[in-house]
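To start, the structure itself, in structure tokens.
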Amino acid sequence: MYKFAVFGNPVQHSLSPTIHNLFARQCDLSVQYDAIECTLSAFAITVRDFFLCGGHGANVTLPFKEHAFALANTVSSAARLAGAANTLCRSDDRTLFAENTDGLGLIRDLTTTQGLNLTHCRILLLGAGGAARGVLGPLMQATTHPVTLVNRTLAKAKDVAAHFSRVGKVITRSYAELADDHYDVIINATSASLSSTLPALPDTLSCRNALVYDMMYSKKPTIFMQWAKNQGASVVCDGLGMLLEQAAESFYLWTQHRPEVLAVRRQLLHPSRPL
């Protein structure tokens with residue numbers, strides 16, 4: 001049996017156990033997948049104990065992605081660029097390997113599920129934490145325009161931009177400086193939706209005819225998604241597709257089995273239908 005878990009705080013809302021159990025059924029594998037909540041001070045020892053007790057792989061969500069990266073013995077190029085990891089696995093020598101599948105998951109959802117060609121899109125990314133760092137590099141590589149990064153603390157956004165300068169140019173803004181701007185794609189990588197609050201977006205920021213994406217997911221539209229609809233966005237979506245795509249990459253890394261994401265997405269949206 002494979003033993004997996006997701007670490008976060010909060011984490012009980014996570015769909016990851018359901019998703020990975022559906023992946024396991026699809027691939028005819030025996031899996032135990034738990035949701036583990038811990039404090040920041042206890043994160044490192046809790047993760048180490050999990051792997052010492054037979055854990056094979058772990059997903060990591062807010063607020064631990066940068067700490068997971070620091071905990072690993074070896075890291076992928078994607079995790080190194082992000083400075084954050086959402087996936088850990090035990091190597092053959094029992095050391096920890098860190099990967100970041102968030103960027104790939106987001107790009108796949110935007111281009112495959114939403115059918116968006118990102119090449120000439122002007123992209124606004126909200127937030128400068130581990131979630132934003134995980135997707136910034138792939139977004140920069142997907143568009144010919146500089147990505148605009150905004151954060152409540154502008155200095156942190158500038159630090160992130162400097163880190164990613166090896167990939168290309170990132171434009172940093174404060175929220176107030178977004179007034180009267182327009183973007184083709186707006187992505188919320190903050191945790192504001194967890195507390196049903198909005199980032200400090202100016203009323204005059206235009207997202208008319210844009211695709212607006214909340215990396216959080218919810219049974220009901222988040223407050224950020226509601227704001228986007230009221231602002232005239234043409235497409236508004238939550239992070240379920242990204243969650244599924246990044247989870248499939250994690251599952252493949254751990255098991256060498258690649259699940260079919262669309263079938264699991266249908267099952268999540270319509271639980272009464274067979275897988």
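Just so it is clear, none of the values below were taken in a lab; they were calculated from the coordinates. On a predicted model such as this, the values are computed, not experimentally measured, just so you know. Here Cβ is always computed from backbone atoms with ideal geometry, including for glycine, and neighbour counts include all displayed protein chains.
Rank by packing, highest mean first: peptides 121-134, 221-234, with packing defined as the count of other Cβ atoms within 10 Å averaged across residues.
Values: 121-134: 24.8, 221-234: 17.6.
The most tightly packed comes first, giving 121-134, 221-234.
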>> Over segment 103-238, how many pairs of lysines fall under 18 Å by alpha carbon, counting only those 8 or more apart in sequence or from different chains?
In response: 4
>> With angles folded into 0 to 90 degrees, how steeply does helix 154-163 sit against the dominant principal axis of the chain? Use alpha carbons for both and round to 10.
In response: 60 degrees
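In debye, nearest 20, what is the charge dipole magnitude of segment 135-224 about its Cα centre with +1 on Lys and Arg Cβ and -1 on Asp and Glu Cβ, if you could check?
Working: 9 positive and 7 negative charges, 57 e Å.
About 280 debye.
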> Angle between the Cα long axis of helix 43-52 and the longest principal axis of the chain, 0 to 90 degrees, nearest 10?
Replying inline: 30 degrees
> Which value, in debye to the nearest 20, describes the size of the charge dipole of the chain about its Cα centre when Lys and Arg Cβ atoms bear +1, Asp and Glu Cβ atoms bear -1, and nothing else is charged?
Replying inline: 120 debye
>> Two decimals, Cα atoms only, Kirkwood Rh: what is Rg/Rh over segment 103-238?
In response: 0.92
> Among Lys158, Lys65, Lys220, Lys3, which comes first, then next, by fewest other beta-carbon atoms within 10 Å?
Replying inline: Lys220, Lys158, Lys3, Lys65
>> Please report the antiparallel percentage of the DSSP beta bridges confined to the chain, to the nearest 5.
In response: 20 percent
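In what order do Ser76, Ser250 fall by count of nearby beta-carbon atoms within 10 Å, going from fewest to most?
On the way: Ser76 17, Ser250 26.
Result, fewest neighbours first: Ser76, Ser250.
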> To the nearest 500 deg cm²/dmol, what mean residue ellipticity at 222 nm is calculated for the chain from DSSP H runs of n ≥ 4 alone, each contributing -39,500 (n - 2.57), summed and divided by the residues?
Replying inline: -10500 deg cm²/dmol
>> Over all directions, how big on average is the projection of the convex hull of the alpha-carbon atoms in the chain, in square nanometres?
In response: 13.9 nm²
